[in-house]
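Undergrad: Got a structure here, written out as structure tokens. Questions coming.
Any read-out appearing in this document is the output of simple, stated calculations on the displayed coordinates, not a laboratory observation. Every value quoted in this text rests on a predicted model; they were computed, and no experiment measured them. All Cβ positions, even for glycine, are placed from backbone atoms using ideal geometry, and neighbour counts span all protein chains on display.
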Amino acid sequence: MAVRLFVGNLPYGATEAELREHLSPVAVPTQIMMPVDRETGRPRGFAFVEFGERTHAEEAIRRFDGQPFMGRSLSVSEARAREDRGPSDRPAGPAGPRFGRPLEGGPAQGRGSFGPPAPPRRQRGAGLRKHKTEPRPKGPIPIRAGGRLFDVEDNEPAPEPVDFEDFATSASEPDEPEDL
């Protein structure tokens, strides 16, 4: 009976042939699947390796778990079924909740949460300058001065101080009636 192993913490530059060669001292794996990211096409850093017999799989776990491979220590364990792992904290990707299976309507159907797909977003600044015929100058906002401006170096003499009678400090005298 075939046993599938999960091999984690793989270097991103590792190939299937290099992994097969690394695991071959125990037994030659019957199948190796190295998933890649859907959007970038880069390896995801883990693989599923299948051995034909359980004894070979257990020996591979015992021998390679925690051992270095291309500068990184591998994490080797028996792969669990999806139902055994429990709910995931990560949201479903554009191809839906299952790896490698697109939804019935294609990958574009699963992109939104609810309802019909939203119209595409406009890019910042797109379409804003299409209708303007001439570019505006850049720089500070000009200030228009209104009224008269005074300068420190005006040649006009300073006005004479006006002498006001200070009623508060002057001696109070009784009011005298004016002659009429």
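Undergrad: Give the long-range amide H neighbours of THR30: residues separated by 5 or more places, or on another chain, with amide H under 5 Å away, using H modelled in the peptide plane at 1.01 Å from N.
TA: Under 5 Å from the amide H of THR30 lie the amide H atoms of GLU50, PHE51, GLY52, each far enough along the sequence or on another chain.
Undergrad: Next question, about the same structure. Points 7 angstrom from Cα along the Cβ direction at ALA81 and ARG144: gap in nanometres?
TA: A separation of 8.1 nm, rounded to one decimal place.
Undergrad: Moving on to the next point. Sequence-distant or interchain residues sharing an amide H contact under 5 Å with PHE69, placed H: which?
TA: Counting only residues 5 or more places away or on other chains, the set is LEU74.
Undergrad: Moving to a separate point now. For region 22-38, take each phi angle, set θ = phi - 60°, evaluate the Karplus expression 6.51 cos²θ - 1.76 cosθ + 1.60, and give the result in whole Hz per residue in order, putting x for glycine and proline.
TA: Those phi angles translate into 5, 8, 5, x, 7, 6, 6, x, 7, 8, 10, 10, 10, x, 10, 5, 5 Hz.
Undergrad: Taking the Cβ of PRO29 as the center, what net charge do the other residues with Cβ under 15 Å away carry, scoring Lys and Arg +1 and Asp and Glu -1?
TA: Net of charged neighbours comes to -4.
Undergrad: Using Cα centres only, tell me the gap between region 7-34 and region 38-81 in whole Å.
TA: Computed from Cα coordinates, the inter-centre distance equals 7 Å.
Undergrad: All other residues with a Cβ under 14 Å from the Cβ of ALA57 taken together, and with Lys, Arg as +1 and Asp, Glu as -1, what is their net charge?
TA: Charge balance near ALA57 sits at -1.
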